[in-house]
Amino acid sequence: MSSGSDSTKMDSASTGMMDSSHSMKDSAMAMVTTPEQDFINIAVPGNMKEIAWLNAGMLKGNKAVMMDAAMMLKDHKKIGVNVAAYLKTRAMLKVPSVDTSDVVNIDEKSGNEWNKAWADKMVADHSDLLTHLHATENATKDPDLKKLIAATIPIVESHLAMAKALQSSIK
């Protein structure tokens, strides 16, 4: 990208062409995706949204939901730290912005209905995440990402098992 000082010797027509050229190049680069960028595009927002759901579980859930949410929250925060450490060494990867303000969308429910909806969400999210982790693990050639994923899979599997047990216990 050009700064004002780079273009001071160019006339306005060539500056416009340069800006247009950069825009086309930036757009083309935005379309190029890698397994690593795809992972970040799903993992970062997913983890942040999951944390919002876990916080809601701790605030509104029954005792079992609260306990599961607290344990999962601790793990998800650690996963976020691990992903952030990975990103520090990968300047070419772009972190998407995430709005978690309206993520938890079961507020119209209460009691067991709320707990069931929360457990169903945890099963679906962790199942989807496992699928994504396995796909990325197979697609990436980045040994650091493979290591991160290998460390994350057992955690997500344990969360999925916990969520399924909770889901089946709620009548």
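Key figures
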| read-out | value |
| --- | --- |
| Whole-number percent relative contact order across segment 18-171, with pairs defined as alpha carbons under 8 Å at least 6 apart | 30 |
| Area of Glu157 that stays accessible when all protein chains are in place (1.4 Å probe, Å², to 10) | 90 |
| Projected area averaged over orientations for segment 67-171, convex hull of C-alpha atoms, nm² | 7.6 |
| Whole-number accessible area per residue in Å² for segment 64-171, which is evaluated in the context of all protein chains at 1.4 Å | 56 |
| Whole-Hz couplings from phi, Karplus 6.51/-1.76/1.60, listed for segment 75-91; x for Gly and Pro | 5, 5, 5, 5, 4, x, 5, 5, 5, 4, 5, 4, 5, 4, 9, 10, 4 |
| About the Cα centre, charge dipole magnitude for segment 29-171 (Lys/Arg +1, Asp/Glu -1 at Cβ), debye | 380 |
| Which listed pairs, of Lys78/Lys109; Lys63/Lys121; Lys74/Lys116; Lys60/Lys171, have C-alpha distances above 20 Å, in listed order | Lys78/Lys109; Lys74/Lys116 |
| Segment 63-127 - percent of accessible surface contributed by carbon and sulfur, probe 1.4 Å | 55 |
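The values are calculated or read from the model by the stated rules, or taken from the named source; none is laboratory data. Because the structure is predicted, anything quoted here is derived from the model rather than measured. We place every Cβ from the backbone using ideal geometry, glycine too, and count neighbours over all the protein chains shown. Please note that ligands, DNA and RNA were not included when accessible areas were found on the heavy atoms of the full protein model with its side chains. Shrake-Rupley method; radii C 1.70, N 1.55, O 1.52, S 1.80 Å.
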